[in-house]
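Asks: Sending over a structure as structure tokens; questions will come in a sec.
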Amino acid sequence: MSEVKRRITMEDLYQMRWVSDPQVSPDGTQVAYVVKEVDQNDKNKYCSRIFVVAAAGGQPVQYTNGPKNDANPRWSPDGKYLAFTSNRAENNQIWVMATCGGEARQVTSGKTSAGTPVWSPDGSKIAFVSKVASSTEASKEEQSDVKVITRLHYKQNGEGFLGDKRSQIFVVDVASGKQQQVTSGDFDCGSPTWSPCSQYLAFSSNRTEDSDYNNQTDVWVVEADGGELRKLSPGTGPAGNPSWSPDGKLIAYLGHEREYGSATLARIMVANVDTQEVRNLTADFDRTPGNACGSDMVGSPDPGLVWSADGKNIYFLATDGASTKLFSTDVQTAQVCPVFEPGEQVVYGMSYSKQSDSFALTITSPGKIGDVYSYKAGDAPKQLTEVNKDLLGQIELSMPEQFSVVSDGMDVECWVIKPIGFKAGVKYPAVIEIHGGPHVAYGNTFMHEFQLLAAAGYAVIYTNPPGSQGYGQEFVSKTHHDWGGADYRAIMAAVDAACQFDFIDQDRLGVTGGSYGGYMTNWMIGHTDLFKAAVTQRSTCNRYSQFGTSDVGFFNGEYEFMGNPWENPEFYLERSPITYVKNVNTPLLLIHSEQDLRCPIEQAEQFYTALKWLRKEAVFVRFPDENHELSRSGKPKHRVERLKHILGWFKKYIECTTEEYTH
């Protein structure tokens, strides 16, 4: 007799383990990866450690240990060492340890943290990014805690106030620990990549005179010991994530020319290092490189663009519909082909071994939080880890069922998750979930929040409305000057279609979403009374004031909205949910982080105050010391408490009766 499984709980988050950053060894025989988990001695913290597993399969070996966070493992070119970042000292620095065993050795030092290590091909040096503060800022910090702000872009969500610090590229000699700053100036630099000869670095940087006022990054080349910079990209649009070809003649990068503003799909470009001739390799591929499928569970550094050993192809991840797949583009013909199609899953991490022509992948699905796989083209992927096997083996999950609607002439992909204990012939309450962005997507990922609602007795409805990634340039640009328009109609069409299912009770519906999804939640309850309860998370309500209070809101007028707010106040206010606050009759819970600089908490304060002034039903929950990433990487206790508030609000206003369920 099979064991009866239990329902998932909020507190299960404390037992979950999150796998990321799979790094295959140069010879393809081993895979290093990161496992993040809740610190069981302090549930306000996480700890992360590095593991290594044989690519052929076997028992994983824990390489690092301790109460701190070890991350970003990178193999030396000969495979004899692993470099990684760790905060075991005062801040994150780069450490190196022999793969045959022994203690790790710290190789970088400084007042600011070191970024991901990038080995030179000859294995003698490591490039990394670190922030550099001016001496005037340092003296000011010693004298006063008063902030004197002169820049437009003076704050960043997750970082706080930027001051005069700029990200610069450094190189450290692995043997001696001698560090050299390669770039300088009042410009941020990032994404360093080595030339095959180990003499040059390519990197991305916005070095325009008004860098705070545009997103014009370019690809630059510099000698590894510093010197004059040479711009490689044409300067007609943002260019970043450079990657050097094996023969050193080409550099691939992601770029576009802002044809659709912030909604423009990035393309894979290759530039000739000598002539600077640039070609577009994905002009006919109507998807953008990278994983756009959001989740409250998984995350991994973007693998960027990876060259094949012979230099004939470039490998990359891209979201296609609800799945993120592994693709390649032929450097000569610009033909894009799928290398690995995971079915109803999402590949969220990738690395490549040139010697073995094989990959390491991390994959998630609606029933799996995330694990490491090895893959060779033509073979089936081999699962190497089962980090949540014991936990998920106890839990009954409900898998999403796909359906679609047509809205404004567009096919819109949608899903419904039935409640745990589902019985045919019974109608159930449902919650519609709305993703953020708007230019990300829901996909075939594990969602703790969705499963928790299903375990509590609610069906969950979600969709990728116009503006979502994964469906092409025309679809993703549909929010242009139209927030609350075609997107709103598509979401409502999904709700209407779901209500035709014989198990959805249209008189017991709730709605929630975060960021852009929070905006849409606020918008929807100002335009319909269909929902009995709503939860808005890290939301905006006043697009006029958000322009000046967000860390990046001042760019909205370049494409998403119609010019600057003082030039077109009527439009901004017409597309602001607070304009319709008097129409709100739906009880609303507002959840917001006090350190959110992307959608500042003043947005929730405005909406809450207006609702209370109008004597509407509203409760405001503020999370201290958290930012825009609360649901994904906030303190574990806060993440659990957030889920508790969401579930408690829906239970208060949308009844679930126990006799409706099988157990």
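Asks: Answer with one residue from SER109, SER198, ALA127: the one whose Cα lies farthest towards the positive end of the charge dipole of the chain, charges on Cβ with Lys, Arg +1 and Asp, Glu -1.
Replies: Farthest along the dipole direction, towards plus: SER109.
Asks: Write down the radius of gyration of the stretch 366-521 and its Dmax, each obtained from C-alpha positions, in Å.
Replies: 17.1, 51
Asks: Now for a different question. If amide hydrogens are placed 1.01 Å from N in the peptide plane, which non-local residues have theirs closer than 5 Å to the one on MET350?
Replies: Amide H neighbours of MET350, under 5 Å, 5+ apart: THR362.
Asks: Considering all projection directions equally, how large on average is the shadow of the alpha-carbon convex hull of the stretch 342-429, in square nanometres?
Replies: It is 9.4 nm².
Asks: If you don't mind, there's one more thing I want to ask. What do you get for the angle between helix 636-653 and the principal long axis of the chain? Use alpha-carbon atoms, 0 to 90 degrees, nearest ten.
Replies: Approximately 20 degrees, to the nearest ten.
Asks: Given a cut-off of under 8 Å on Cα pairs at least six residues apart, what relative contact order in percent is computed for the chain?
Replies: 11
Asks: Once all Cα-Cα distances of the stretch 455-543 are split into 5 Å bins that start at 0, what whole-number percent is in each one?
Replies: 3, 13, 23, 26, 18, 12, 5, 1
Asks: Report the FRET efficiency, 1/(1 + (r/R0)^6), for ASP496 and LYS612, where r is their Cβ-Cβ distance and R0 is 30 Å, rounded to 0.05.
Replies: The computed FRET efficiency comes out at 0.45.
Asks: Quick check: net charge around TYR471, other residues with Cβ under 11 Å of its Cβ, Lys/Arg +1 and Asp/Glu -1?
Replies: Numbers: positive: ARG287, LYS478; negative: ASP286, ASP320, ASP411, GLU413, GLU474.
Summing Lys and Arg as +1 and Asp and Glu as -1 gives -3.
Asks: Sticking with this one: Each residue of the stretch 510-515 in order: what ³J(HN,Hα) in whole Hz does its phi give by Karplus 6.51 cos²θ - 1.76 cosθ + 1.60, θ = phi - 60°, with x for Gly and Pro?
Replies: Once rounded to whole Hz, the list reads x, 9, 7, x, x, 6.
Asks: Mind checking the per residue accessible area of the chain for me, 1.4 Å probe, whole number of Å²?
Replies: Per residue, the chain has 41 Å² of solvent-accessible surface.
Asks: Obtain the nm distance between the two label points defined at ASP27 and ASP284 by a simple spin-label model: each point lies 7 Å from its Cα along the Cα-to-C-beta direction.
Replies: 4.2
Asks: Counting other Cβ atoms within 10 Å, which GluC sites (Glu not before Pro) in the stretch 429-518 have at most 10 and lie in a DSSP loop?
Replies: none
Asks: Roughly how many whole Å is it from the C-alpha centroid of the stretch 186-216 to that of the stretch 455-525?
Replies: Centre-to-centre (Cα) distance: 38 Å.
Asks: From the gyration tensor of the Cα coordinates in the stretch 1-160, what semi-axes in whole Å does the equivalent ellipsoid have, largest first, with each one equal to sqrt(5λ)?
Replies: Square roots of five times the eigenvalues give 34, 26, 13 Å.
Asks: Rounded to the nearest 500, what is the chain's calculated 222 nm mean residue ellipticity when only DSSP H runs of at least 4 contribute -39500 (n - 2.57) each, over all residues? Present the calculation step by step, with values, prior to reporting the outcome.
Replies: On the way: 11 runs with 96 residues, N = 663.
When only DSSP H runs of four or more count, the value is -4000 deg cm²/dmol.
Asks: When only DSSP loop residues count, what trypsin sites (Lys or Arg not before Pro) in the stretch 566-637 have their Cβ near at most 16 other Cβ atoms within 10 Å?
Replies: ARG615
Asks: Within the chain, what whole-number % of the accessible surface is contributed by carbon and sulfur, with the 1.4 Å probe and all protein chains included in the calculation?
Replies: Within the chain, the accessible surface is 47 percent carbon and sulfur.
Asks: Compute the semi-axes of the equivalent ellipsoid of the stretch 551-663, taking the square root of 5 times each eigenvalue of the Cα gyration tensor, and list them largest first in whole Å.
Replies: Result for the stretch 551-663: semi-axes of 31, 20, 13 Å.
Asks: Note the angle between two axes, namely the Cα long axis of helix 516-525 and the longest principal axis of the Cα atoms of the chain, as a number of degrees from 0 to 90, rounded to the nearest 10.
Replies: Compared with the principal axis, the helix lies near 10 degrees.
Asks: Just to check I understand the Karplus step: with θ = phi - 60° and J = 6.51 cos²θ - 1.76 cosθ + 1.60, what whole-Hz values come out for the stretch 257-274, glycine and proline as x?
Replies: 10, 6, 4, 10, x, 5, 9, 6, 5, 6, 10, 8, 10, 10, 10, 6, 4, 7
Asks: Related question: Set the Förster distance to 45 Å, then compute FRET efficiency between LYS382 and LYS427 from the Cβ-Cβ distance, nearest 0.05. Please report the intermediate quantities before stating the final value.
Replies: Numbers: r = 44 Å, r/R0 = 0.97.
Between LYS382 and LYS427 the formula returns 0.55.
Asks: When only Cα pairs under 8 Å and 6 or more residues apart are kept, what is the percent relative contact order across the stretch 424-551?
Replies: Details: 216 pairs, mean separation 37.6, N = 128.
This gives 29 percent for the stretch 424-551.
Asks: With +1 on the Cβ of every Lys and Arg and -1 on the Cβ of every Asp and Glu, and nothing else charged, how large is the dipole of the chain about its Cα centre, in debye rounded to the nearest 20? Don't jump to the answer; show the numbers that get you there.
Replies: Working: 62 positive and 81 negative charges, 285 e Å.
Here the chain has a charge dipole of around 1360 debye.
Asks: Nearest 20 debye, what's the magnitude of the dipole of the stretch 596-640 about its Cα centre given +1 on Lys and Arg Cβ and -1 on Asp and Glu Cβ?
Replies: Computed about the Cα centre, the dipole is about 200 debye.
Asks: Evaluate the relative contact order of the stretch 261-395 (contact order divided by residue number), counting alpha-carbon pairs under 8 angstrom at least 6 apart; express in whole percent. Spell out each step's value before the answer.
Replies: Working: 255 pairs, mean separation 20.5, N = 135.
After rounding, I find 15 percent.
Asks: Could I ask something else about it? When N is the residue count of the stretch 612-663, what does its C-alpha Rg come to as a fraction of 2.2 N^0.38 Å?
Replies: With N residues counted in the stretch 612-663, Rg over 2.2 N^0.38 Å equals 1.51.
Asks: Taking H as built 1.01 Å from N, whose amide H comes closer than 5 Å to the amide H of VAL132, not counting residues under 5 places away?
Replies: ARG166, SER167, GLN168
Asks: Give me the Debye-computed log₁₀ of I(q)/I(0) at q = 0.15 Å⁻¹ for the stretch 277-423, equal point scatterers on Cα only, no solvent, two decimals.
Replies: -0.87
Asks: Also, I was wondering about something else. Summing +1 for each Lys or Arg and -1 for each Asp or Glu, what net charge is found among the other residues whose Cβ lies under 11 Å from the Cβ of PRO234?
Replies: With Lys, Arg at +1 and Asp, Glu at -1, the neighbours total -2.
Asks: A further question on this structure: Expressed as cubic angstrom per residue, what is the convex hull volume of the alpha carbon set of the chain?
Replies: Spelled out: Cα convex hull of the chain, divided by residues, is 164 Å³.
Asks: Through the Karplus equation 6.51 cos²θ - 1.76 cosθ + 1.60, θ set to phi - 60°, convert the phi angles of the stretch 446-461 into ³J(HN,Hα) values in whole Hz; use x for Gly and Pro.
Replies: So the Karplus estimates, Gly and Pro as x, are 6, 10, 4, 4, 5, 5, 5, 5, 5, 5, 7, x, 9, 6, 10, 10 Hz.
Asks: Using the structure shown, list the pairs from LYS616/LYS644; LYS5/LYS325; LYS131/LYS312 with a Cα-Cα distance above 24 Å, or answer none.
Replies: LYS5/LYS325; LYS131/LYS312
Asks: With the dipole of the chain worked out from charges on the C-beta (+1 for Lys and Arg, -1 for Asp and Glu) around the Cα centre, which of ALA55, LEU317, GLY290 lies farthest toward the positive end?
Replies: Positive-most Cα among the choices belongs to ALA55.
Asks: Taking amide H positions as placed in the peptide plane 1.01 Å from N, state which residues far from SER233 in sequence (5 or more) or on other chains have amide H under 5 Å from it.
Replies: HN-HN under 5 Å from SER233: VAL219.
Asks: Write down the Å³ per residue value for the convex hull defined by the alpha carbon atoms of the stretch 536-576.
Replies: 65
Asks: Then there is this: Please give the peptides 514-520, 493-499 ranked by average Cβ packing (other Cβ atoms within 10 Å per residue), highest first, as a rough proxy for protection. Intermediate values should be presented prior to the final figure.
Replies: On the way: 514-520: 27.0, 493-499: 20.3.
The densest-packed peptide leads the list: 514-520, 493-499.
Asks: Using alpha carbons only, how many degrees (0 to 90, rounded to 10) separate the axis of helix 486-498 from the longest principal axis of the chain?
Replies: Once rounded, one gets 60 degrees.
Asks: Still on this structure, I have one more. Please give me the summed charge of the neighbours of ILE8: other residues whose Cβ is under 11 Å from its Cβ, Lys and Arg +1, Asp and Glu -1.
Replies: Result for the neighbourhood of ILE8: -1.
The values are calculated or read from the model by the stated rules, or taken from the named source; none is laboratory data. Because the structure is a prediction, the values reported are computed rather than measured. All Cβ positions, glycine included, derive from the backbone under ideal geometry; neighbour counts span all protein chains shown. Surface areas here come from the heavy atoms of the whole protein model, side chains and all, with no ligands, DNA or RNA. Shrake-Rupley method; radii C 1.70, N 1.55, O 1.52, S 1.80 Å.
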